[in-house]
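Inspection log for the structure reproduced underneath, given as structure tokens.
The values are calculated or read from the model by the stated rules, or taken from the named source; none is laboratory data. Note that the structure is a prediction, hence the values are computed from the model and not measured. Cβ sites come from the backbone with ideal geometry, for glycine too, and all protein chains shown count toward neighbours.
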Amino acid sequence: MKAPNWATCTEKELWHYVAYHLSLAGVSSVLVGGAVVSVYSAGLYRSGDIDLVADMSMRKIGLILEALDFRRVHRHFQHPRLFSYFC
């Protein structure tokens with residue numbers, strides 16, 4: 001899957017991108033939290049991040065996200081091209 005347009009991507013687009021790559025590695029995930037409201041309100045509400053519940057260790061998930069250029073910041077992951085929006 002092609003990376004989203006980092007300058008304009010929504011929570012939904014980011015979720016699809018991350019979940020797709022997690023699924024390729026055999027990781028099932030579910031979107032939870034404010035991003036769900038963003039998806040179901042068609043962007044009327046913006047949470048500014050995505051929260052996922054996954055069936056794999058954080059170590060393995062971290063390796064997958066790091067391969068997508070996300071970096072661990074404490075207990076979160078941030079993508080350098082999304083930092084200004086998803087903070």
Subject >> segment 24-59, residues that are farther than 18 Å from Glu11 by Cβ and of a type outside the set (D, E, K, R) >> reply: Leu24, Ala25, Gly26, Val27, Ser28, Met56, Ser57, Met58
Original post:
Can you find a residue in segment 60-80 that is touching a residue at least 12 places away in the same chain (Cβ under 8 Å), assigned to a helix (DSSP H, G or I) and closer than 13 Å to Cys9 by Cα?
Top reply: no
**OP:** Please specify each residue of segment 1-50 satisfying the condition of being in a helix (DSSP H, G or I), surrounded by 17 or more Cβ atoms within 10 Å (Cβ to Cβ) and among the small types (Gly, Ala, Ser).
**Re:** Ala19, Ala35, Ser38
**OP:** Can you tell me which residue within segment 56-79, out of those that are of a type in the set (A, V, I, L, M) and surrounded by fewer than 11 Cβ atoms within 10 Å (Cβ to Cβ), is nearest to Val27 (Cα to Cα)?
**Re:** Ala67
Original post:
Do we have Val53 as over 21 Å from Asn5 (Cα atoms), surrounded by fewer than 12 Cβ atoms within 10 Å (Cβ to Cβ), under 14 Å from the mean Cα position of the chain (by Cα) and touching a residue at least 12 places away in the same chain (Cβ under 8 Å) here?
Top reply: yes
Original post:
Within the set of pairs 6 or more residues apart or between chains, which connect a residue that is closer than 20 Å to Ala3 by Cβ and modelled with pLDDT of 95 or more inside segment 20-47 to a residue that is part of a loop (DSSP other than H, G, I, E, B) and β-branched (Val, Ile, Thr) with Cβ atoms less than 6 Å apart?
Top reply: none
